[in-house]
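As structure tokens, the structure follows; a few thoughts come after it.
The values are calculated or read from the model by the stated rules, or taken from the named source; none is laboratory data. What you see is a predicted model; the values in this text were computed from it and never measured. Note: ideal-geometry Cβ built from the backbone for every residue, glycine included; neighbour counts use all protein chains shown.
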Amino acid sequence: MENLPHEVALDILSRLTVSSLMQFKCVCKSWRVLAEEKRLPSIHHARATSRNPCLILNSACQIKNKLQFICSGDGFNQKVRSLDTPMSEYQVVGSCNGLLCISNSYYDPIVICNPIIGDYIKLPKSTWFPMQEVALGFGCLPTSMQYKVVRFVFYIKSQVESHAEILTLGTDHTWRSIGPVPGWLELKPSQALVNGALHWVTLFFQYTPGPRLRVISFDLAAEKFRWIELPSFDCFFASNCHLVALEGCLSAVHRLGNKGIDIWVMKEYNVEESWIKKYSIGMYVPASLVENTRPQIYEVVCILNKGNILLRYKNGAFVLYNPESEQFHDLTISELPKSFSTVVHVESLLLITNL
């Protein structure tokens, strides 16, 4: 490596996985210096985002939880591997640019970590409210690369009240109050980070005719809430609709039970007239679930580089769907946990202490 031009050496290193780079650093002092070049994390991240993403599998049981990781390669047909985390009991809030936000069932502490390189920080204690229920979100401003964690609390005083607070990594030393939450959120992490905003599907209580489900977004730069109307499909339960970022667009997945799913894409962000039904995926039973009486597509995970859509079934099977040929391909992934949630993740060399 010493005989190569510096830029060529950096280009080669940017193509390696993070685990390979960690081994590379241990070979000798000169290689370690090269691997710790200040520009390498940004070069490596730019290349990593152009590849198929990795998956973080988070066990549904928070006690003695295990974080498991699959690097996509060309088809995810491989074993999962375990990752160490600074907490033994936790849930995953979200992933952004290789950083993972996790918290325990009481939402305190909240930890930001880079699970691949083992770097992490604990966030300051947040405000506690009596009989509180909490929804969390984690994201980054695409322009300034500031990372923020938001915390929406619903609690009982004389009646149900709400409180929202936010913390900017590297800037805030305490949580900042940003007022009440305009509505009731599903008590789970945000479902999609698009255009610098976090999004949830929520049930909108009203006494006049109109849609009951809406999207509530939180703009991380302006620190403001906004309502977004869903496309006009008949869906009355938040459990039958989930949001996902597909190719940079806010997308809504409408589960049709045993009939499959429809995928609606907002082609122009925050323009409700731009919703289009881009994909309709019929029912398919993976070979591993043939004996299951009700195999259903549980979620759309992401779209891979070749245009295939990665689907996860309720019972844990992963399937690739080709929209052009309308063909399905079962994926073989050994040692999957019995029950888990899936988070799309990009490997990163980013050190949290540098934020």
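Is it the case, given these coordinates, that His242 is part of a strand (DSSP E or B) and free of Cβ contacts under 8 Å to residues at least 40 places away in the same chain? No, not satisfied. Please go through segment 5-34 and give me each residue that is part of a helix (DSSP H, G or I), within 23 Å of Phe69 (Cα to Cα) and of a type in the set (Gly, Ala, Ser), ordered by number. Across segment 5-34, the qualifying residues are Ser19, Ser20.
Within the set Ser158, Ser162, the sole residue that is at pLDDT below 90, surrounded by 15 or more Cβ atoms within 10 Å (Cβ to Cβ) and more than 30 Å from Ile303 (Cα to Cα) turns out to be Ser162. Out of Phe76, Phe129, one residue alone is crowded, with 16+ Cβ neighbours inside 10 Å, modelled with pLDDT under 90 and more than 19 Å from the chain's Cα centre (by Cα). It is Phe129. Could you check segment 275-319 and list, in sequence order, the residues that are touching a residue at least 40 places away in the same chain (Cβ under 8 Å) and either of a type in the set (Asp, Glu) or not assigned by TED's automatic domain parsing to the domain that holds Thr342 (or both)? Result: Glu299, single match.
Among the residues of segment 300-315, are any closer than 25 Å to Arg51 by Cα and among the basic types (Lys, Arg)? Yes, segment 300-315 contains at least one residue that is closer than 25 Å to Arg51 by Cα and among the basic types (Lys, Arg). Tallying residues that are closer than 19 Å to His345 by Cβ and surrounded by 16 or more Cβ atoms within 10 Å (Cβ to Cβ) within segment 18-39 yields 2.
When you scan segment 170-185, do you find a residue that is under 26 Å from Arg312 (Cα atoms) and at pLDDT below 90, even just one?
Scanning segment 170-185 turns up at least one residue that is under 26 Å from Arg312 (Cα atoms) and at pLDDT below 90.
Residues in segment 240-262 that are over 18 Å from the mean Cα position of the chain (by Cα) and not polar (S, T, N, Q) were compared, and the one that is surrounded by the most Cβ atoms within 10 Å (Cβ to Cβ) is Ile261.
For (1) of a type in the set (Ser, Thr, Tyr); (2) touching a His at 6+ places or on another chain (Cβ under 7 Å); (3) within 27 Å of Gly139 (Cβ to Cβ), each residue gets a yes or a no:
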residue	(1), (2), (3)
Leu230	no, no, yes
Gly257	no, no, no
Ser280	yes, no, no
Gln296	no, no, no
Asn308	no, no, yes
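Within segment 315-355, the set of residues being exposed (fewer than 15 other Cβ atoms within 10 Å of the Cβ) and part of a loop (DSSP other than H, G, I, E, B) comprises Glu324, Ser325, Glu326, Thr332, Glu335, Lys338, Ser339, Leu351.
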